[in-house]
Amino acid sequence: MSKLSRLRLAGTKNMAIIETKNLTYTYPGATKPSIIDVSIKVEKGEFVLITGPSGCGKTTLCRCFNGLVPHFYQGELKGEISVAGVNTLEHHTYEMAKHVGLVFQNPENQLFALSIEKDVAFGLENVGVSREEMRKKVDWALNLTGIYDLRERSPHEISGGQQQRVAIAAVLAMEPEIIVLDEPTSFLDPLSAEKIFEVIYALNKKQGITVILVEHRLDLTAKYTNHLIVMDEGKVRFEGNPREILSTEETRLIGVGIPKATLLYQMLKKDGLNLNGNIPLSSEELADQLLEALKPK
Amino acid sequence: MSVFDGLRFRKVYSPIHNLDPRIKFVYVISIFVVAILFYQIIPLLFLFFLQIPFVLLARVQRQWLRSLRGASFLAGFIFIVNVATTYFTSGYTLLAPNVENAAAMTLRFVVLVESFSVFFLTTSPDHLGLALEESRVPYEFAFAFTTAVRFVPVLAEEAQTIMDAQKARGLELEKGGLLKRIRNYVPVLIPLIVSAIRRSLELAEAMESRAWGATKKRTNLYLLKLRRGDYALLAITVGILVVAIYVRLFVPIPTITQLL
Ligand SMILES: Nc1ncnc2c1ncn2[C@@H]1O[C@H](COP(=O)(O)OP(=O)(O)OP(=O)(O)O)[C@@H](O)[C@H]1O
Ligand SMILES: [Mg+2]
């Protein structure tokens, strides 16, 4: 799809780019399904955050988005799924690669080449893009993720945060409509993590790429989204506005890491201090509200 | 990490490193052939010294000396076996020409080692992988090669971590006889293998997600292109071959014993 037609599509409102209906999947040999009756809808250009306790099926759901489930993992998939207008059941993962880019948890195990730029080019080489065009796309992806200067290094000469940016650049080079990131920062320190989130956010805002981010660190990420999905034991428990979902007691009991700002807001509210504005998701938002409340009238 | 340092490759830039690996390979094979053509010591000495400018230009003299030192044991062995066989077959006498002949055989071996080590010391793995990709070798092999090189330092680091962890739990690696020592490594090897398998699954998943196998007509970001230096090396190689064949056919080569 050309850049122009993609922009036009991005302009059309309320177009589901990912839609699943009653998706249930069981890994081969497993006794119970890892995701159960998942029905979600993601619109074009959205920044969606998926969270939930360990083992609740977040990674499994991500694998459905580009057809790794069921093509790579086999097993039994029931229900309907459509991603970028394509039924993943009928199309191989390598066909999905131009629509959906998947970034994994461990940056080390998704880089295979001996230089950064060769790695970023890997997907394009696989689909047979011409050398001139490949050069342009690789440089574009390297620049967007801020690693252009590292392009000739080898993967073990750079930090984990930089490796993860290479992994993002590598899926970005394919110009996908959707990028799915499965806990991309769990191997990184908070500062590198924040830098990664900023790169992702910019891709969403400036390039209009639909982002699906799986994260536990809501403190750092809740502020980017207005579409939160909370999973538990293979099911979608809550879906919608993060401010509402994160302020309920049930969410906390599932084991979701509620942002500290949200918790503090609720404590203050319980003690009778009503702050103006929305329920805050980040320390910055709460700080603004507190400042306003403390201002002498 | 000291044990594994030798396994890491470093990027070095020199006129020799920048040469096309395919031409370098042709050069090495030619030296190989010429070394087989001659059994006299003088041309072999000549071949030996011919490599030295390459080593100096590539600035790998230290590693080169190390590889020669590594070969010296085998070279000594070849020399002794050669001398011994002539000693026993020529009625228990040691003649100067025989010793010279043994020395020539040894030198031939050294030249072979030398030329191959120049090739491997001056060819980075990604160049080699690229050469494999551009020759008729199936892409899977080239990919397996570069990926293996890529993960050598990663696995080495992991092995070190596991060793440290097991030592902290009281594992004594350097204790007991040879068999016991080998058995000591089992608690290191098993976690290493398990983790390598898990790693390879993750790699396979990442490769699939990046359109592995989408088309038979894969393209390549890099293109190996012959440049002036490559043509020069090719000319040198052809020159050496022509001169060597001419000398071999038409010039009688004296041995050192005859000269003295
Ligand atoms: N390859 C597999 N084969 C069989 N079962 C699996 C496989 N991968 C995951 N599972 C199972 O599926 C369930 C969901 O796992 P999944 O990895 O999707 O959870 P997750 O939400 O990503 O957890 P985490 O936060 O720890 O990454 C778990 O019970 C897990 O044991
Ligand atoms: Mg997971």
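No lab work stands behind these numbers, since they all come straight from the coordinates. It should be emphasised that the depicted structure is a prediction, and the values quoted were computed from it without experimental measurement. Note: ideal-geometry Cβ built from the backbone for every residue, glycine included; neighbour counts use all protein chains shown.
Couple of notes before you dig in:
- For chain A, the alpha-carbon radius of gyration amounts to 1.05 times the rule-of-thumb value 2.2 N^0.38 Å expected for a compact globular protein.
- Solvent-free Debye scattering, log10 I(q)/I(0), computed from the Cα coordinates of the range B:129-209 at q = 0.11, 0.16, 0.18 Å⁻¹: -0.45, -0.74, -0.84
- In Hz, Karplus ³J(HN,Hα) per residue of the range B:202-217 (6.51, -1.76, 1.60; θ = phi - 60°; x = Gly, Pro): 4, 4, 4, 5, 5, 5, 3, 5, 10, 6, 4, x, 5, 9, 6, 8
- Residues residue B:227 and residue B:96, FRET efficiency given R0 of 51 Å [Cβ-Cβ distance, rounded to 0.05]: 0.60
- A compact globular protein would have a Cα radius of gyration near 2.2 N^0.38 Å; the ratio found for chain B is 1.32.
- Annotation: amide H-H contacts under 5 Å for residue A:103 (H modelled 1.01 Å from N, sequence separation of 5 or more, or interchain): A:180, A:181, A:182.
- Degrees, to the nearest 10: B:139-168 long Cα axis against longest axis of chain B: 70
- In chain B, the DSSP-assigned H stretches of four residues or longer account for a calculated mean residue ellipticity at 222 nm of -24500 deg cm²/dmol, using -39500 (n - 2.57) per stretch and the full residue count as denominator.
- Cα-only Debye scattering, the protein assembly as shown: base-10 log of I(q)/I(0) at q = 0.07, 0.09, 0.13 Å⁻¹: -0.58, -0.83, -1.31
- Within chain A, helix-based [θ] at 222 nm, where runs of 4 or more DSSP H residues each add -39,500 (n - 2.57), nearest 500: -11500 deg cm²/dmol
- Rounded tilt (10° steps) of A:116-127 against the dominant C-alpha axis of chain A: 70
- Within a Gaussian network of chain B (alpha carbon springs, distance under 10 Å), most fluctuating of B:168, B:142, B:84: B:168
- Here the spin labels are modelled as points 7 Å beyond Cα on the Cα-Cβ line, and at residue B:160 and residue A:269 they lie 5.2 nm apart.
- Between residue A:50 and A:213, A:214, A:215, A:229, the built amide H atoms are under 5 Å apart, and every one of these is 5 or more places off in sequence or on another chain.
- Shown for B:90, B:30, A:82: other C-beta atoms within 10 Å of each C-beta, ranked fewest to most, produce the order B:90, A:82, B:30.
- Available extension along the chain between residue B:72 and residue B:186 is 37.7 nm, counting 0.36 nm per residue and deducting the alpha carbon span.
- Applying 0.36 nm per residue to the separation of residue A:157 and residue A:288 and subtracting their alpha-carbon distance, the gain on full extension is 43.0 nm.
- Taking other C-beta atoms within 10 angstrom as a stand-in for reagent exposure, A:63, A:217, B:227 fall in the order B:227, A:217, A:63, fewest first.
- Whole-angstrom Cα spans of the range B:186-231 along principal axes, big to small: 54, 30, 13
- Cubic angstrom per residue, convex hull over Cα atoms of the range A:110-174: 70
- Calculated FRET efficiency, residue B:260 to residue B:235, Cβ-Cβ distance, R0 = 51 Å: about 0.90 to the nearest 0.05.
- Shown in residue order for the range A:32-49 are the 3J(HN,Hα) couplings computed by the Karplus curve 6.51 cos²θ - 1.76 cosθ + 1.60 at θ = phi - 60°: 10, x, 8, 10, 10, 6, 7, 10, 10, 9, 10, 8, 4, x, 6, 10, 9, 10 Hz (x for Gly and Pro).
- Count Lys and Arg as plus one, Asp and Glu as minus one, and take only other residues whose Cβ is under 14 Å from that of residue A:220; the net charge is then -4.
- Ranked by how many other Cβ atoms sit within 10 Å of their own Cβ, fewest first, the residues B:34, A:86, A:100 fall in the order A:86, B:34, A:100.
- Gyration tensor (Cα) of the range A:103-213, equivalent ellipsoid semi-axes in angstrom: 20, 17, 12
- Between the C-alpha center of the range B:157-189 and that of the range B:229-260 there is a gap of 53 Å.
- For the range B:80-232, average projected area of the Cα convex hull in nm²: 17.3
- Between the range A:165-211 and the range A:135-153, the Cα center-to-center distance that results, in Å: 14
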